1. Which members of region 437-447 meet the condition of being in contact with a Ser or Thr (Cβ under 8 Å, 6 or more places away or on another chain), assigned to a loop (DSSP other than H, G, I, E, B) and either open to solvent by 30 Å² or more (accessible area, probe 1.4 Å) or of a type outside the set (A, V, I, L, M, F, W, C) (or both)?
2. Looking only at residues that are over 19 Å from ALA236 (Cα atoms) and surrounded by fewer than 15 Cβ atoms within 10 Å (Cβ to Cβ) in region 541-574, which one is modelled with the lowest pLDDT?
3. Which of the numbered conditions does GLY450 fail, given that it passes all the others? Conditions: (1) small (Gly, Ala, Ser); (2) under 27 Å from GLY407 (Cβ atoms); (3) in a helix (DSSP H, G or I).
4. Looking only at residues that are without any contact (Cβ under 8 Å) to a residue 24 or more places away in the chain and not charged (D, E, K, R) in region 204-222, which one is least open to solvent (accessible area, probe 1.4 Å)?
5. Criterion first (part of a helix (DSSP H, G or I), open to solvent by 30 Å² or more (accessible area, probe 1.4 Å), over 19 Å from ASP68 (Cβ atoms) and touching a helix residue (DSSP H, G or I) at 6+ places or on another chain (Cβ under 6 Å)) does GLU126 satisfy it?
6. Considering every residue within region 151-173, establish whether at least one is open to solvent by 40 Å² or more (accessible area, probe 1.4 Å) and over 25 Å from ASP261 (Cα atoms).
7. Six or more apart or on different chains, Cβ atoms under 7 Å: show the pairs whose first residue is in region 119-138 and over 19 Å from LEU452 (Cβ atoms) and modelled with pLDDT of 95 or more and whose second is part of a helix (DSSP H, G or I) and open to solvent by less than 10 Å² (accessible area, probe 1.4 Å).
8. Inspect all residues belonging to region 370-381 and state whether any of them is in contact (Cβ under 8 Å) with a residue 60 or more places away in the chain and in contact with a Pro (Cβ under 9 Å, 6 or more places away or on another chain).
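The values are calculated or read from the model by the stated rules, or taken from the named source; none is laboratory data. Just so it is clear, the model here is predicted, and its values are computed rather than measured. As a convention, Cβ positions derive from the backbone with ideal geometry for all residues, glycine included, and neighbour counts pool all protein chains shown. Side chains included, ligands, DNA and RNA excluded: accessible areas come from the protein's heavy atoms. Shrake-Rupley method; radii C 1.70, N 1.55, O 1.52, S 1.80 Å.
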Amino acid sequence: MSTHTEPNTETHPRPSKRRHPGSGRGEGRRRPKGRQVEPEALDEVCALLGDRPRDRDLLIEHLHLIQDSRGCLSAPHLAALAHEMRLPMAEVYEVATFYAHFDVLAEGEAPPPPITVRVCDSLSCELAGARALLESLPRALGEGVRVVRAPCMGRCDTAPVAEVGHRHLDHVDEPAVRAAIEAGDFHPVIPEYRALDACEREGGYALLRACLRGEYTFEDVAAKLDAAGLRGLGGAGFPTGRKWRIVRGYEGPRLMAVNADEGEPGTFKDRYYLERDPHRFLEGVLVAAWAVEAQAVYVYLRDEYPFIREVLLAEIARLGPAGLVPHTTLHLRRGAGAYICGEESSMIESIEGKRGLPRHRPPYVAEVGLFGRPTLVQNVETMYWVRDVVEKGPEWFASQGRHGGKGLRSYSVSGRVRSPGVKLAPAGITLRELIDEFCGGMAEGHTLRGYLPGGASGGVLPASMANLPLEFGKLEAHGCFVGSHAVVVLSDRDDMKAVALNLMRFFEDESCGQCTPCRVGTEKAVKLMERGTWDEPLLVELGRVMSDASICGLGQAAANPLNSVLRHFREDVGLGKA
């Protein structure tokens, strides 16, 4: 099959011609019900869509086309898109308003200024001065520029970070933002990366070609993954070989979805690998698709990585002519600014063009996933290691760990260290070892006080626990987990109350709103945590309700930082020793 970035039109046929806005039911009325389609807006939308399919699952892709072209989504254009895609206006509107990167105008509202500056306010950026930047930039830039706060952009190692248009600025300050605006180039900076030719010269795709020729069986590859101990490295840590067997056990046709939506504050390892060596990742994806006999693969990429999208679009287009995708079809889908879509069922809903609301389980996505089919869901780093595990052998990978860990891990390290960044280190390494051996020690003038072992949802541990292994199953007894291995290092200069409040505000903003415990609980928790002294019994009860009754991991883990501070840093919130 050929390689595409849009669905196969054989299974999702495109309307043969555009309907006239006055046709169908209601054309006999003098004033038809509902918002009427404006011919000018319809012409503009049709010109943007061109000959692209009008399939339901492409709604978010088409909303991006309008947003990119016009800088916002007006009611006339939403109505025109609904008409062209044969969808209810309410359905289009609810999807557009769900995602943070779509600027949906209210009736009569003026479009936003032509230039938008987004300043990341996640924890690592706040530690580096993002709050002061958010306060000063509106005055410094004046009218004609909109300054908004934004959640984690996946560049925590270069904090503080801002985005001018689609161009990211690292270690940013006021002069850098002004210079970028004056230059007028708001396009993403495409990184230097290993393209297909260089990849194949260095042995890339030899494994995939061998699989396609029948030199490996499914069991050959799955057994190597089992022996290596390769896990899902997006946060859950489920054994990869076992997951492949589960999905393959369900009757086809089967699909695959790849979660490249790393929105966990503190996490940036996927960005690191994708912008340097995309084909090592793509080969792992195509081997996995071969293994479970997936008819199509959907790579869901977060919208904060426009530069990676350009890379993947270019390189995916080269796979078909190279004969590397005879067994599947590869689609690239663009997120729209929703942390919740890192949860696998929410991601699947978004790929289908819907709001990213988590599904109730069972059934699990391995059985009933994308478009109702059995679906293999994997993350970027796991796919990145498939080739090395099979070619170098499971013993090579498994022998890398420490303190009972097995394999290699990519730790995203930010905060108060001398050398932040992605650190490829043994699984099970301790924080002290990670800082001393891989990060050049603590930053000048800072003393270790605490750390986040697994991003915003992984909790906070004190310096006295810096000798615990950073590995799956090793931190849960302390109310924390390693998750996606996003490590944020905190020092004696940091207020743990402010840290916990920053994290809870993130969860409040990113709650999808589907379930009451998360939607109301995070908002209530923020209000209680803003007080001088915390009401411990009420916060503990609120955290328990969120943890026990929320539908997905966002609400279930939102209280982890709160509980950690109550347990380990009570003096910062006006409480004595427990």
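1. Answer for region 437-447, where residues must be in contact with a Ser or Thr (Cβ under 8 Å, 6 or more places away or on another chain), assigned to a loop (DSSP other than H, G, I, E, B) and either open to solvent by 30 Å² or more (accessible area, probe 1.4 Å) or of a type outside the set (A, V, I, L, M, F, W, C) (or both): GLY440, HIS446, THR447.
2. First pass over region 541-574, keeping only residues over 19 Å from ALA236 (Cα atoms): 541-546, 549, 562-574.
Now drop any that are not surrounded by fewer than 15 Cβ atoms within 10 Å (Cβ to Cβ), which leaves 541, 544, 549, 571, 574.
Details: GLU541: 97, ARG544: 97, ALA549: 96, GLU571: 92, GLY574: 85.
Result: GLY574.
3. (3)
4. ALA210
5. Against the criterion (part of a helix (DSSP H, G or I), open to solvent by 30 Å² or more (accessible area, probe 1.4 Å), over 19 Å from ASP68 (Cβ atoms) and touching a helix residue (DSSP H, G or I) at 6+ places or on another chain (Cβ under 6 Å)), GLU126 qualifies.
6. Initial filter on region 151-173 (open to solvent by 40 Å² or more (accessible area, probe 1.4 Å)): 151, 166-167, 170-171, 173.
In the following step, the residues that additionally are over 25 Å from ASP261 (Cα atoms) were identified as 173.
Yes, region 151-173 contains at least one residue that is open to solvent by 40 Å² or more (accessible area, probe 1.4 Å) and over 25 Å from ASP261 (Cα atoms).
7. Taking only residues 6 or more apart or on different chains, the pairs are VAL119/ALA130; VAL119/LEU137; LEU137/VAL177.
8. Initial filter on region 370-381 (in contact (Cβ under 8 Å) with a residue 60 or more places away in the chain): 370-371, 373-381.
Those still in the list that are in contact with a Pro (Cβ under 9 Å, 6 or more places away or on another chain) too: 373-374.
The answer is yes, given that some residue of region 370-381 is in contact (Cβ under 8 Å) with a residue 60 or more places away in the chain and in contact with a Pro (Cβ under 9 Å, 6 or more places away or on another chain).
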